[in-house]
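Participant: Let me give you the structure first, and then I'll get to my questions.
The values are calculated or read from the model by the stated rules, or taken from the named source; none is laboratory data. Small disclaimer: the values here were computed from a predicted structure and weren't measured. As a convention, Cβ positions derive from the backbone with ideal geometry for all residues, glycine included, and neighbour counts pool all protein chains shown. Ligands, DNA and RNA are excluded from the accessible area calculation, which covers all protein heavy atoms including side chains. Shrake-Rupley method; radii C 1.70, N 1.55, O 1.52, S 1.80 Å.
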Amino acid sequence: MFNRRDQKLYAEDVPLELIAAEVGTPCYVYSRAGIEQRWRAYDSAFADHPHHICYAVKANSNLSVLRLLAQLGSGFDIVSVGELERVLRAGGDAHSVVFSGVAKRADEMRRALTVGIRCFDVESLAELARLGAVAEELGVQAPVAIRVNPDVDAATHPYIATGLTEAKFGIAMNQALAAYMQAAGMPGISITGVASHIGSQILSMDPFLDAVGRLLELVGDLAAADIPVTHLDLGGGLGIRYRDELPPDINEYVSGLVEAVGQSGRRLSITLEPGRSIVGEAGVLLTRVEYLKSNARKNFAVVDAGMNDLLRPALYDAWQDIVSIRGGGGADARCYDVVGPVCETGDILGTERLLAIEQGDVLAVMGAGAYGWVMSSNYNSRPRPPEVLVDGDRYVVVRRRETIEELWGPESMPWSK
Ligand code: LLP
């Protein structure tokens, strides 16, 4: 994936120096092999247990990434009609799509029902009522799993912990049975499963197993109420190593889930919605050092990528490794805050990084394949960066850099004299 040769950092067999010189910076670079290897790790860990791997499109929705995954046979987890259209555009199979999200609009439901998605993960009674009505209007039945909120603590950043009662997600466990009974009586709804997603960047098996236990109890209650389900959607959330985290590996994670479901003695297929653990480590953000400057307390490396290009450090105080792509260092290294061009003090990519760098050097922010480009914005009227996909010794620009004109393309100037 990313490796060093003669100190220089490569993406597969392509020197990142070459991409920085030819495509410019800032720029996202993804490794095809890295993405495919992780998807396959999921698939093979399931062995013959019936399963659906529905890649969470929100993590990285570049069409080329979706296309690679579709070609491997992946399904997709979407949260908007925009993501649905991306999946279809990339050649993904509509029947492999699960639709999550707390605020599905009627038009989004209509489109998803028309193309025939696999399942709606319903997050409230009000949504259930709307979905039932839209499906009836179209003369179809909507396949539904109710997303329950199992109230487990995923021990992750509060902004990305979704399985607690404080969060807006899902239907509370103690209201779930009643919701299913209501759904069972609705002509526009066909119940197929039970869903949950407890958070992201989760680093131990405990919260996952805790959630599975609670979901299996619900499945038992449903069976007793004569509401059979055929699949469990356990969401995404497996963490990756940004610094010194030690998450379970994909095989350990999947085997743990399969075993827990197996022990229940129920024949349930398992759906997973992994995002970060498939693409996160397969991407970097390249950024060039514009200036070095120091004051009495700090050394700053002012780089050409900012919080508008990579929001995670500013928004979550997330730590992502920052390295020089030409390597070297040792004795020359100094401690820098790596900061961007955006006019906000919080525009920081990393603090207190030991780097041996000069003006003009290119740095790579590691672990930027997930929730990187997709969370970028045009703040400070900065065109969003290009995305590059590497495959062996070749690379392709899979999204070009935006132009300045595109920044105001959708705008108009009324009342001008
Ligand atoms: N399924 C659902 C319903 C989700 O809400 C999410 C992520 C996933 C699957 C995929 O989770 P993953 O496997 O990627 O952990 N922007 C944040 C992460 C937000 C995650 C939101 N939901 C970050 O940069 O850390």
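Participant: Long-range amide H contacts for Ala142: which residues qualify at under 5 Å (H placed 1.01 Å from N, peptide plane, sequence gap of 5 or more or a different chain)?
Facilitator: When sequence neighbours closer than 5 places are left aside, the close amide H contacts are Ile189, Ser190.
Participant: Mind checking the angle between helix 32-46 and the chain's longest principal axis? C-alpha axes, 0 to 90 degrees, to the nearest 10.
Facilitator: That works out to roughly 30 degrees.
Participant: On to the next question. Please report, largest first and rounded to whole Å, the three semi-axes of the ellipsoid equivalent to the range 167-286, where each semi-axis is the square root of five times an eigenvalue of the C-alpha gyration tensor.
Facilitator: 30, 16, 12
Participant: While we're looking at this one, here's another question. Give a quick list of trypsin sites (Lys or Arg not before Pro) in the range 260-364 that DSSP marks as loop, anything other than H, G, I, E or B, with at most 10 other Cβ atoms within 10 Å.
Facilitator: Those satisfying the criteria are Arg267, Arg297.
Participant: Further question: Mind ranking Met1, Met186 by accessible surface for me, highest first, 1.4 Å probe?
Facilitator: I get Met1, Met186, largest accessible area first.
Participant: Continuing with the same structure: If you average the alpha carbon positions of the range 12-31 and of the range 354-385, how far apart do those two centres end up, in angstrom?
Facilitator: Cα centroid of the range 12-31 versus Cα centroid of the range 354-385: 12 Å apart.
Participant: Here's another thing I want to ask about it. Give me the lysines in straight-line cross-link reach of Lys168: C-alpha distance below 29 Å, same-chain residues under 8 apart excluded.
Facilitator: Those lysines meeting the cut-off are Lys58, Lys104.
Participant: The range 309-366: which chymotrypsin sites (Phe, Trp or Tyr not before Pro) are DSSP loop and have at most 16 other beta-carbon atoms within 10 angstrom? Walk me through the numbers before you get to the answer.
Facilitator: Numbers: sites: Tyr316, Trp319, Tyr336; in loops: Trp319.
Counting only loop positions with at most 16 other Cβ atoms within 10 Å, the chymotrypsin sites (Phe, Trp or Tyr not before Pro) in the range 309-366 are Trp319.
Participant: Roughly how big is the range 101-272's charge dipole about its Cα centre, with Cβ charges of +1 (Lys, Arg) and -1 (Asp, Glu), in debye to the nearest 20?
Facilitator: The dipole magnitude comes to about 500 debye.
Participant: Sticking with this structure for a sec: Set the Förster radius R0 to 45 Å, insert the Cβ-Cβ distance between Glu136 and Met375 as r into 1/(1 + (r/R0)^6), and round the FRET efficiency to 0.05.
Facilitator: Here the calculated transfer efficiency is 0.75.
Participant: Provide the net charge surrounding Gly360, with neighbours chosen by a C-beta distance below 14 Å and charges set as Lys +1, Arg +1, Asp -1, Glu -1.
Facilitator: Within the 14 Å Cβ shell, the charges total -3.
Participant: Compute the helix-to-body angle for 250-263: its Cα long axis versus the longest principal axis of the chain, expressed 0 to 90° and rounded to tens.
Facilitator: Compared with the principal axis, the helix lies near 10 degrees.
Participant: What whole-number distance in Å separates the alpha-carbon centres of the range 274-301 and the range 220-264?
Facilitator: 33
Participant: Would you tell me the accessible area of Ser204, worked out with a 1.4 angstrom probe on the heavy atoms of the protein chains, in Å² to the nearest 10?
Facilitator: 50
Participant: Can you tell me the 0 to 90 degree angle between the C-alpha axis of helix 205-224 and the longest principal axis of the chain, rounded to 10?
Facilitator: Its long axis makes an angle of about 20 degrees.
Participant: Rounded to the nearest 500 deg cm²/dmol, what is the calculated helix-only ellipticity per residue at 222 nm for the chain, with -39500 (n - 2.57) per DSSP H run of length n ≥ 4?
Facilitator: -9000 deg cm²/dmol
Participant: Moving on. Just the number, please: percent antiparallel of the DSSP beta bridges in the chain, rounded to the nearest 5.
Facilitator: 50
Participant: With both partners inside the range 295-381, how many of the DSSP beta bridges are antiparallel, as a percent to the nearest 5? Walk me through the numbers on the way to the answer.
Facilitator: Working: 8 of 11 bridges.
Once the DSSP bridges in the range 295-381 are tallied, antiparallel ones form about 75 percent.
Participant: Still on this model: Which percent, to the nearest 5, of DSSP beta bridges fully inside the range 101-272 are antiparallel? Working shown, then result.
Facilitator: On the way: 1 of 19 bridges.
That works out to approximately 5 percent antiparallel.
Participant: Also: Cα gyration tensor of the chain, axes a ≥ b ≥ c as square roots of the eigenvalues: rounded (a/c below 1.5), prolate (a/b > b/c) or oblate?
Facilitator: prolate
Participant: Within the accessible area of the range 101-272, what % is carbon and sulfur when the probe is 1.4 Å and the other protein chains stay in place?
Facilitator: C and S fraction of accessible area: 50 percent.
Participant: Further question: What do you reckon, how do Trp373, Trp415, Trp408 stack up by accessible area (1.4 Å probe), largest on top?
Facilitator: Trp415, Trp408, Trp373
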